[in-house]
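Scroll down for the structure; my scribbles are underneath it.
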Amino acid sequence: MDPRSVEILEFPLVRARLAERTSFAPSRRLAELLTPESDPVLVTRGLDETDEARALVEERAGVGITGARDIGPAIERAARGGRLDAQQFLDVWSTLDAAAGLKPHLADARRPLHRELGRLLHPLPAITSTLARSFDPAGELLDTASPRLGGLRAAVRVAFDRLRRRLDSLVASELGSALQEPIITLRNGRYVVPVRADAKGRVKGIVHDASGSGQTLFIEPLVVVELGNAWREAQVAEQEEVERILDELSALVGANAGPLRETLSSLARFDFWAAKAQLAGEMGASRAETAARPEVALYSARHPGLTGRVVPIDVRLGDGFTALVVTGPNTGGKTVTLRTLGLLALMHQAGLHVPAAPGSRLPVFKDVFADIGDEQSIAQSLSTFSGHMRSIIRIAAAAGPGTLVLLDELGAGTDPTEGSALAQALLDHFIRAGALVAATTHYAELKAYAHTTAGAMNASVEFDIETLSPTYRLTIGLPGRSQAFEIAARLGLPDALVADARSRLSETQRTFEATLARIAEVEGETADSKERAREAELRAGEALRAAADERRKAQQSRADVERRAREEAARLVAELRSELEAARTSLERGQLTAPAIDTVLERAEERLARAPAPVKVRAAATTMTAAGATTWKVGDEARSRSGGWTGRIAELDRSNRRATLETGAMRVSVEVADLEPADASGASSAPSAAVSALAGTNVAELRLSRSRSVPMSLDLRGARVDEALAALSTYLEDASLAGLAKVTVIHGMGTGVLRDAVRSESAVHPLVKSVRAGGRGEGGDGATVVELG
């Protein structure tokens, strides 16, 4: 990307905001090095990273790399054989703990980039446990760091206690009168007592120091020298062991330098992705679709650098026209439009979500060029016009297909006639070169140029003449008006002067301005109509969603009714079985009398009376079959009375007892006895009707009827996903009503789309207890076994 244009469009400010949201130095460096890419593969990868990070952060609030440190220097030092200090070991420990905490969150199969990142996280439990055994949270080496360290430290304490006790006795009795003060202090690592200079002959020992005045000598008495030596030797032994431990731990870190580098890099990348997700959330941004051809469609786009009340704009470019000429009054938002377009294009190609509505589209530009702002330079003796020209010459040489060119106040800074002619020539050049170009101007000639030139389109920023303030709305297809006369009149310029100024316009200019006013009026009416249509579409969408919710609630209600009916039937059957079992036991023992039999029958009748009246499903089916016995053959059109499926008979088994019914791209195996002619009147009620009528039926009898007609498997091979899911829902309701505990849904291998849809739909179905892939002999992964609850 053109570095000068990247600076002009303020991408570094976005990059700085991103860096502020990182958690530690390695990820901050990644943010600071972020640049827009021109490779579509890299752009897609960056956008996928942001997508996955946003989904993870929204799903699992608080996930992050808390505790991770920049251990890069420590890793490299250890790899070269250097010794690490206690703080560096604590940083390594803390970073490995952060990796161990993050790794489980990255194992989700739905997020391949996170899963790939998780494989590069190495918590290294051996190092973690060793460091935990060696250091306390403050960085102090623990006695458990080695088998010898605890004993050596104990020896230091014993030697010190002996030394202190002997010194205390000397100070308290033998040397008390010769001391300046009755204290014990340290000099040069040795314990000494402060002796008066005039009494030094009374204390035999080694002088280690003297006071500034010379009145006090710090002497180590000879009687404690050996004790001091023993204490010092114990300290040296302890220090040697500490250094040995640190060297050993450093070697352990150095031996794992590779996994540690991968872990640090993965933590940095995750934190960088999370920062992109956080920035997108704060900006209310969304992922722009990557357009396959040079075409820009930004809806409700906002410049990331604007604060307060920001008016979003819609920008289109490349669909029917490749040059956009933006006109309108000063401070109306023309330059902001260019900056928004350019910056959002750069953000998109840097893998960032853009502050625009979902559905916005941006291509992957080979380069983005911008000439915005004042290019004058006193040091280089450049005027504003010369500065712009120098920049535009460079852009004109590089622009071509797949590039975006943004030009502010094109042709300004020189004679208007020559400037507008030059601007038209440049626009022609960019159109012929195949670049997308957006330019702002005040020249009326460029408005006419955009109106009459193929590949060019006018656009304008609106201005509220009542409040004398811009609205910042961008209207494509309509050139802007300068509003100079209206603004001057509103500000108090005498009407006579305004009228005189208007009279100096040519007839062509006055006609052009009047035409613009009429077009603006029609455009406003059209925009109002579009807004009303959009609102109607939104209301229709809400109604569809509400209907879908009601349908789901109705399905759940039916399932609840069936479940309660099933439970009631099961309870009644259990009670009857218990009564009959007791009666059979009494009969076997010869204890069953006639009154007892009557009692059992009365109880059974009482329980049966509490059950709903049975629906004569079996009888109705038998009657219908008897009334219209049919000999079926392949090719006949038939209907399944129990399942409600209508289609062509594709296959009959050898016994003519089962038939394969082909309906659309779906094949269903049913019993021949369950078939009726496709055009027969009074066809058996659909499964959903049977389910809704369940509360008023005898469940056991209805289930018996269903079990004779509902197949143990459903063959969906070749069906479209929507057809398959509709058939699956009906089939599961029938199978549950028939009392089937387990059924098999055959979908084949294929691309896996139908398989995934069947398993997802089955898993959330209210009648399903569990879902698994078919095992050996069950169809393998080409079938799904559904257990009904």
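The values are calculated or read from the model by the stated rules, or taken from the named source; none is laboratory data. Quantities reported herein were computed from a predicted structural model and do not represent experimental measurements. Counting neighbours? That spans all protein chains shown, and the Cβs are built from the backbone with ideal geometry, glycine included. SASA here: full protein model, heavy atoms, side chains in, ligands and nucleic acids out. Shrake-Rupley method; radii C 1.70, N 1.55, O 1.52, S 1.80 Å.
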**Q.** Options LEU410, LEU446, LEU426; residue that is touching a His at 6+ places or on another chain (Cβ under 9 Å) and either within 11 Å of VAL325 (Cβ to Cβ) or part of a helix (DSSP H, G or I) (or both)
**A.** LEU410
Q. Among (1) in contact with a helix residue (DSSP H, G or I) (Cβ under 9 Å, 6 or more places away or on another chain); (2) farther than 28 Å from ALA55 by Cβ; (3) of a type outside the set (Asp, Glu); (4) at pLDDT below 95, where does LEU260 come up short?
A. (4)
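State all residues of the range 193-203 that are open to solvent by less than 50 Å² (accessible area, probe 1.4 Å), modelled with pLDDT of 85 or more and touching a helix residue (DSSP H, G or I) at 6+ places or on another chain (Cβ under 9 Å); if no residue qualifies, say none.
Kept after step one, since they are open to solvent by less than 50 Å² (accessible area, probe 1.4 Å), are these residues of the range 193-203: 193-195, 197, 199, 203.
In the following step, the residues that additionally are modelled with pLDDT of 85 or more were identified as 193-195, 197.
Those that are open to solvent by less than 50 Å² (accessible area, probe 1.4 Å), modelled with pLDDT of 85 or more and touching a helix residue (DSSP H, G or I) at 6+ places or on another chain (Cβ under 9 Å): VAL193, VAL195.
Mind listing just one residue for me: the one in the range 46-81 that is in a loop (DSSP other than H, G, I, E, B) and over 13 Å from ALA274 (Cβ atoms) and, of those, most open to solvent (accessible area, probe 1.4 Å)? If you could, list the steps in order and put the result at the bottom.
Start the filter on the range 46-81 by keeping residues that are in a loop (DSSP other than H, G, I, E, B), which leaves 60-71, 80-81.
Pick out the ones that are also over 13 Å from ALA274 (Cβ atoms) and you get 67, 69-71, 80-81.
Values: GLY67: 20, ARG69: 106, ASP70: 56, ILE71: 2, ARG80: 185, GLY81: 66 Å².
Selected residue: ARG80.
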Q) Restricted to the range 209-239, and to residues that are farther than 19 Å from SER169 by Cβ, part of a helix (DSSP H, G or I) and of a type in the set (S, T, N, Q), which residue is least open to solvent (accessible area, probe 1.4 Å)? A) GLN235
**Q.** Residue selected from the range 752-769 under the condition in contact with a helix residue (DSSP H, G or I) (Cβ under 9 Å, 6 or more places away or on another chain) and open to solvent by 50 Å² or more (accessible area, probe 1.4 Å), by the criterion nearest to LEU737 (Cα to Cα)
**A.** PRO766
Q. Of the residues GLY101, GLY67, which single one is at positive phi, in contact with a Gly (Cβ under 9 Å, 6 or more places away or on another chain) and in contact (Cβ under 8 Å) with a residue 24 or more places away in the chain?
A. GLY67
Q: Test VAL242 against the criterion of being assigned to a helix (DSSP H, G or I), modelled with pLDDT under 90, open to solvent by less than 40 Å² (accessible area, probe 1.4 Å) and on the phi < 0 side of the Ramachandran plot, and give yes or no.
A: no
**Q.** the range 119-138, subset open to solvent by less than 50 Å² (accessible area, probe 1.4 Å) and either more than 18 Å from LEU264 (Cβ to Cβ) or at pLDDT below 90 (or both), residue nearest to the chain's Cα centre (by Cα)
**A.** ALA132
Q) Restricting attention to the range 738-758, does a residue exist that is assigned to a strand (DSSP E or B), under 33 Å from the mean Cα position of the chain (by Cα), of a type outside the set (Asp, Glu) and over 30 Å from GLU568 (Cα atoms)? A) no
(Q) Pull out all pairs, ordered by first then second residue, where Cβ-Cβ is under 6 Å, the residues are six or more apart or on different chains, the first lies in the range 20-41 and is on the phi < 0 side of the Ramachandran plot and touching a residue at least 40 places away in the same chain (Cβ under 8 Å), and the second is β-branched (Val, Ile, Thr) and crowded, with 18+ Cβ neighbours inside 10 Å. (A) SER23/ILE65; ALA31/THR22; GLU37/VAL43; PRO40/VAL364
Q: Scan the range 477-497 and give yes if some residue there is at pLDDT 75 or above, within 25 Å of PHE430 (Cβ to Cβ) and out of contact with any helix residue (DSSP H, G or I) (no Cβ under 6 Å at 6 or more places or on another chain), otherwise no.
A: yes
Q. In the range 736-764, how many are among the hydrophobic types (A, V, I, L, M, F, W, C) and over 13 Å from VAL785 (Cα atoms)?
A. 7
Q | Among residues of the range 303-323, those that are within 29 Å of GLY434 (Cβ to Cβ) and out of contact with any Lys or Arg (no Cβ under 8 Å at 6 or more places or on another chain), counted | A | 9
Q | the range 701-720 - residue that is open to solvent by less than 50 Å² (accessible area, probe 1.4 Å) and in a loop (DSSP other than H, G, I, E, B) and, of those, modelled with the highest pLDDT | A | LEU716
**Q.** Within the range 82-109, considering residues that are closer than 17 Å to GLY139 by Cβ and hydrophobic (A, V, I, L, M, F, W, C), the one most open to solvent (accessible area, probe 1.4 Å)
**A.** TRP93
Q) So which residues in the range 140-179 are within 28 Å of ASP85 (Cβ to Cβ) and either without any contact (Cβ under 8 Å) to a residue 24 or more places away in the chain or loosely packed, with under 13 Cβ neighbours inside 10 Å (or both)? A) GLU140, LEU142, ASP143, THR144, PRO147, GLY150, GLY151, ALA154, ARG157
**Q.** Filter result for ALA292 (small (Gly, Ala, Ser), out of contact with any Cys (no Cβ under 9 Å at 6 or more places or on another chain) and either assigned to a strand (DSSP E or B) or open to solvent by 20 Å² or more (accessible area, probe 1.4 Å) (or both))
**A.** yes
Q: Could you check ARG648 against (1) modelled with pLDDT under 55; (2) farther than 30 Å from ARG566 by Cβ and say which number it fails?
A: (1)
Q: Go through the range 296-335 and give me each residue that's of a type in the set (Asp, Glu) and either buried (at least 24 other Cβ atoms within 10 Å of the Cβ) or out of contact with any strand residue (DSSP E or B) (no Cβ under 6 Å at 6 or more places or on another chain) (or both).
A: ASP319
(Q) Any residue in the range 408-419 that is surrounded by 16 or more Cβ atoms within 10 Å (Cβ to Cβ) sitting within a Cβ distance under 9 Å of a residue that is among the aliphatic types (A, V, I, L, M) and in a loop (DSSP other than H, G, I, E, B)? List the pairs, counting only those 6 or more apart or interchain. (A) ASP408/ILE372; GLU409/ILE372; GLY419/LEU410; GLY419/ALA412
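Here is a list: LEU338, LEU352, LEU344. Which entry is open to solvent by less than 10 Å² (accessible area, probe 1.4 Å), within 21 Å of LEU279 (Cα to Cα) and not in a loop (DSSP other than H, G, I, E, B)?
Sole residue among the options that is open to solvent by less than 10 Å² (accessible area, probe 1.4 Å), within 21 Å of LEU279 (Cα to Cα) and not in a loop (DSSP other than H, G, I, E, B): LEU344.
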Q) Pick from ILE206, ILE183: which is assigned to a loop (DSSP other than H, G, I, E, B), free of Cβ contacts under 8 Å to residues at least 60 places away in the same chain and open to solvent by 40 Å² or more (accessible area, probe 1.4 Å)? A) ILE183
